[in-house]
1. Only residues that are charged (D, E, K, R) and closer than 24 Å to residue 211 by Cα: list them for region 277-323, please.
2. So residue 286 clears everything in (1) modelled with pLDDT under 95; (2) farther than 18 Å from residue 119 by Cα; (3) not in a loop (DSSP other than H, G, I, E, B) except one condition, right? Which one?
3. May I ask you to list the residues in region 262-288 that are touching a Leu at 6+ places or on another chain (Cβ under 6 Å) and crowded, with 16+ Cβ neighbours inside 10 Å?
4. Could you list, ordered by first residue, the pairs with Cβ atoms under 6 Å in which the first is in region 216-234 and over 13 Å from residue 112 (Cα atoms) and of a type in the set (Lys, Arg) and the second is open to solvent by 10 Å² or more (accessible area, probe 1.4 Å) and not in a helix (DSSP H, G or I), at least 6 apart or interchain?
5. When you look at residue 83, is it touching a Cys at 6+ places or on another chain (Cβ under 7 Å) and either open to solvent by 60 Å² or more (accessible area, probe 1.4 Å) or at pLDDT 95 or above (or both), yes or no?
6. Kindly provide the set of residues from region 289-319 that are of a type in the set (A, V, I, L, M, F, W, C), at pLDDT 85 or above, crowded, with 20+ Cβ neighbours inside 10 Å and outside any loop (DSSP other than H, G, I, E, B), ordered by number.
7. Being among the aliphatic types (A, V, I, L, M) and under 21 Å from the mean Cα position of the chain (by Cα): is that true of residue 243 here?
8. Output the residue which, of all residues in region 228-254 that are over 30 Å from residue 107 (Cβ atoms) and part of a loop (DSSP other than H, G, I, E, B), is most open to solvent (accessible area, probe 1.4 Å).
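The values are calculated or read from the model by the stated rules, or taken from the named source; none is laboratory data. Remember, predicted model here, so these are calculated numbers, not experimental data. Glycine gets a Cβ as well: all are built from the backbone with ideal geometry, and neighbour counts include every protein chain shown. Each accessible area value is taken on the protein alone, full model and side chains, heavy atoms only, with ligands, DNA and RNA left out. Shrake-Rupley method; radii C 1.70, N 1.55, O 1.52, S 1.80 Å.
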Amino acid sequence: MKTRVLVTGASGFLGSYIVKELQNRNFIPRAIVRDHSYIAPHLKSNCEIFKGHITDAEFLKKAMQGCDFVIHSAAHTRQDLSLSQYQKINVEATSLLARIAQEQKIERFLFVSTANCFTSGTLKNPGNESKGFMPWLKQSGYAYSKHLAEQELNQLFKTYNFPLVTVAPTFLIGPFHGKLSSGKLIQYIDKNRLLFYPSGGKSFVDVKYAAEACVNALEKGEIGESYLLAGKNMTYRSFFKLVAKKSGKKKIFIPIPEFILNGIGRFGFLLNRYLRLKVSFTYTNMKLLGLDNYFSNQKAKNHLELKSTDINHVVERYLHFHS
């Protein structure tokens, strides 16, 4: 009898790759999608589609019936929402889903968090799972809401031995049919001649490899543990130059000093506070751009068989797919 896996956020960037990986391994993915979501072709075959909302308890109970595992990748990821807006989906719906999973005796509940629930490090000494949330990121509604969700799930694990495994991807890159993905960064580099880049850097991980690690975690992940799904640690300057080289177009690179990033962030703060405008260039987001935001993937490599991201290959894949 084949194993059923409930996947939330199945029409999203990582979620769609997770569904593909489950199909490749002969699982039966059961995809939760919103009524108005784009449904990719691969979701229409060898996949059970449940249309509804993850805040609806009765809907979730129906969707979860007969499933062995849950992979929860649905989340508000926009950068211009208030904490209260993130709270409903990223915290309350996650808690609801977990409680139903507990009632239905799900074998493993995989929670897709974010690397920013951990302390980042430098290129020489990247962050790992041993150091937790950075307090200043409480000003980031997205990161803080994910941290709060992790706290609730970890309490459920400690109290009831809830079968929780947490994965925390870094910056996902790869081809995608949908509109909202990290591909916006590659598009910016590819389509513009003048390129303004910040002083910091990120860990760029191939979304395909992250999805593989998520599926591996269903059986290989240790209950109660967290795994950073990190990839290639690079400065923005290095990443911009790599994408420009792969695109074959001449570019002019202009660094953005940290004090300018801070000024943009303060301006965004004032717009939000006094004019109630939703902006993504908040002070916290600008601080992140200037940060050495690097992470180690050693634990995920050892336990979840996470593959090393070939940054050249994944950028080439993206450019070819979107050309």
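1. 299, 301, 305, 307, 310, 316, 317
2. (2)
3. If the condition is that a residue be touching a Leu at 6+ places or on another chain (Cβ under 6 Å) and crowded, with 16+ Cβ neighbours inside 10 Å, then 279, 286 are the ones that fit.
4. From region 216-234, the pairs are 232/309.
5. Numbers: touching a Cys at 6+ places or on another chain (Cβ under 7 Å): no; either open to solvent by 60 Å² or more (accessible area, probe 1.4 Å) or at pLDDT 95 or above (or both): yes.
Taking the combined requirement at face value, the residue does not satisfy it.
6. If the condition is that a residue be of a type in the set (A, V, I, L, M, F, W, C), at pLDDT 85 or above, crowded, with 20+ Cβ neighbours inside 10 Å and outside any loop (DSSP other than H, G, I, E, B), then 295, 300, 304, 311, 314, 315 are the ones that fit.
7. It is false that residue 243 is among the aliphatic types (A, V, I, L, M) and under 21 Å from the mean Cα position of the chain (by Cα).
8. 250
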